[in-house]
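Reading through the structure tokens given below for one structure.
What follows is calculated from the coordinates using simple rules that are stated; it is not laboratory data. Keep in mind that this is a model prediction, so the values were computed, not measured. Don't worry about glycine lacking a Cβ; one is built from the backbone with ideal geometry, like all the others, and counts go over all protein chains shown.
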2 protein chains.
Amino acid sequence: MRIGINALTDRDLRDAGLKVTTPRVKILEVLEKANQRHLSAENVYRILLEAGEDIGLATVYRVLTQFEAAGLVNRHNFESNHAVFELDDGKHHDHIVCIECNKVVEFFDEMIEERQLEIANRYGFAISEHALTLFGLCQDCRQ
Amino acid sequence: MRIGINALTDRDLRDAGLKVTTPRVKILEVLEKANQRHLSAENVYRILLEAGEDIGLATVYRVLTQFEAAGLVNRHNFESNHAVFELDDGKHHDHIVCIECNKVVEFFDEMIEERQLEIANRYGFAISEHALTLFGLCQDCRQ
DNA sequence: ATGTATGCAAAACATTTGCACCTGG
DNA sequence: CCAGGTGCAAATGTTTTGCATACAT
């Protein structure tokens, strides 16, 4: 099992039952090396194009979906019209998104996590996941 | 200003700068009287069709968007592929959604709200809104 | 060899928009 | 009357899928 911030390897792909193909390896590299941690399928596709790779957009979608199923990446819907993906670093966290420059900050708060479980429990729900995203203006965008 | 759970009226439409037209009134009625509180545009459209109303889907989308801008309804993206709308009852709340039967429970937790502001503040963000949704199995769906 | 993966083009969806016609105040 | 609203059809943008070909093991 993968732990922490180690780079993903061919091994991780095989462990997920996925053949080690060029598109998959390249897409993993993009997710690891891009300057933003949260990328849309289109983002990944463009980066690959600019790097001279010949990988179709459909493949990017298929691979990202497989990676998500394998637990290698997480999918988020900060904006309603498209999803973004980030490498799963093993540590759960939530997000604060700047509504101006789209900067994303990650945070984790034990108290909120606990409270969520208590609340879910109170209503008889067995929680499998949650999505918490704060939207606002970051320091830079407030002048 | 509207307060609490009173039914929305023509007055509310006028106050929002919207003419009181049949589609708008009927759509408000659907939101008020439907058995589920959270409806997609398609849901609203079908209910209108079944009621014999001749209102286009495009109009439903336009009206719901105007209602949202006017603060009469709130839009949520529980699932990535479509939005749902609910009447704004004046009280902020978050949601727990059953991943099996899609039941939605609303809750409000002061501690989580405060904690979110503290965290945002710590990172220099001025929060304008947030989205917190818990996903899991409700009591009924766990047999 | 052979079951998977991929690229491309087309399809599928939710949502938006252009435009000629209708309607509320 | 006339600005604003509506229906319809067409356009949009994202994501998915069918299928013939290419590739990893």
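Using the Cα centre of the protein assembly as shown as origin and beta-carbon charges of +1 (Lys, Arg) and -1 (Asp, Glu), tell me which of A:LEU117, B:ALA58, B:GLY90 is placed farthest towards the positive end of the dipole.
Farthest along the dipole direction, towards plus: B:ALA58.
Sticking with the crude label model, points 7 Å out along Cα→Cβ, report the distance from B:LYS33 to B:ALA16 in nm, one decimal please.
1.8 nm
Could you work out the Kirkwood radius for the protein assembly as shown, taking every pair of different alpha carbons, averaging 1/r and inverting it, reported in Å? List each step's numbers first, then the result.
On the way: mean 1/r = 0.0466 Å⁻¹.
Kirkwood radius, the protein assembly as shown: 21.4 Å.
In whole Hz, with x marking every Gly and Pro, tabulate ³J(HN,Hα) for the range B:76-92 from phi via Karplus 6.51 cos²θ - 1.76 cosθ + 1.60, θ = phi - 60°.
Values, residue by residue: 10, 10, 4, 9, 5, 9, 6, 8, 10, 10, 9, 4, 7, 9, x, 10, 5 Hz.
Could you give the nm distance between label points at A:GLN139 and B:GLU50, where each point is 7 Å from its Cα heading toward the beta carbon?
Distance between the two pseudo-spin positions: 5.3 nm.
Net charge within 12 Å of A:VAL104 by Cβ-Cβ distance, Lys/Arg positive one each and Asp/Glu negative one each, not counting A:VAL104 itself?
-2
Between helix A:41-50 and chain A, what is the angle of the helix's C-alpha long axis to the longest principal axis, kept within 0 to 90° and rounded to the nearest 10?
The two axes meet at around 30 degrees.
Rounded to the nearest 0.05, what FRET efficiency do A:ALA70 and A:PHE107 give with R0 = 30 Å and r taken as the Cβ-Cβ distance? Could you check?
Efficiency, from the Cβ-Cβ distance: 0.75.
Note down the magnitude of the dipole of chain A about its Cα centre, charges +1 on Lys and Arg C-beta and -1 on Asp and Glu C-beta and zero elsewhere, to the nearest 20 debye.
Working: 16 positive and 24 negative charges, 72 e Å.
Roughly 340 debye for chain A.
Under the convention of a label 7 Å out along Cα→Cβ, give the distances in nm from B:ASN102 to the same position in every other copy, shortest first.
Sorted ascending, the copy-to-copy spacings read 3.0 nm.
Taking beta carbons within 10 Å but only from partner chains, what does the mean come to for residues A:96-105? Working shown, then result.
Working: counts 9, 3, 3, 5, 0, 0, 0, 2, 0, 6.
For peptide A:96-105, the averaged partner shielding equals 3.
Under 1.5 on a/c is rounded, so check that first for chain A, then, if it is not, pick prolate when a/b is larger than b/c and oblate when it is not; a ≥ b ≥ c are the square roots of the alpha carbon gyration tensor eigenvalues. Write out the running numbers ahead of the final one.
Details: a/c = 2.14, a/b = 1.34, b/c = 1.60.
Oblate, because a/c is 1.5 or more while a/b does not exceed b/c.
How many nanometers, to one decimal and shortest first, lie between the label point of B:GLU32 and those of its other copies, if labels sit 7 Å from Cα toward Cβ?
Between copies, matching label points for B:GLU32 lie 5.9 nm apart.
Once both axes come from the Cα atoms, what is the angle between helix B:57-69 and the longest principal axis of chain B, in degrees from 0 to 90, rounded to 10?
So the helix axis and the longest Cα principal axis differ by about 50 degrees.
Looking only at other chains, what is the average number of their beta-carbon atoms within 10 angstrom of each beta-carbon in A:115-127?
Numbers: counts 5, 7, 2, 2, 9, 8, 0, 3, 9, 10, 14, 8, 6.
Across A:115-127, the average partner-chain Cβ count within 10 Å equals 6.
Just to confirm the numbers: A:ALA70, label point 7 angstrom along the Cα-Cβ line, distances to the other copies in nm, shortest first?
When each copy's label point is compared with this one, the spacings are 5.1 nm.
Using just the Cα positions, wrap the range A:60-143 in a convex hull and report its mean projected area in square nanometres, one decimal place.
7.1 nm²
How well do other chains shield peptide B:72-79, expressed as the mean number of their Cβ atoms within 10 Å of each residue Cβ?
1
Sort out the exposed loop trypsin sites (Lys or Arg not before Pro) in chain B (DSSP loop, at most 13 other Cβ within 10 Å) and tell me the longest stretch that has none.
For trypsin sites (Lys or Arg not before Pro) (loop position, at most 13 other Cβ atoms within 10 Å), the longest site-free span of chain B is B:20-90.
Treat every Asp and Glu Cβ in the protein assembly as shown as -1 and every Lys and Arg Cβ as +1, leave all other atoms uncharged, and give the resulting dipole magnitude about the Cα centre to the nearest 20 debye.
Result for the protein assembly as shown is approximately 540 debye, rounded to the nearest 20.
Given points 7 Å out from each Cα along the Cα-Cβ axis, report the A:ASN81 to A:ASN121 separation in nanometres with one decimal.
4.2 nm
What do you get for the angle between helix A:22-33 and the principal long axis of chain A? Use alpha-carbon atoms, 0 to 90 degrees, nearest ten.
Computed tilt is about 50 degrees.
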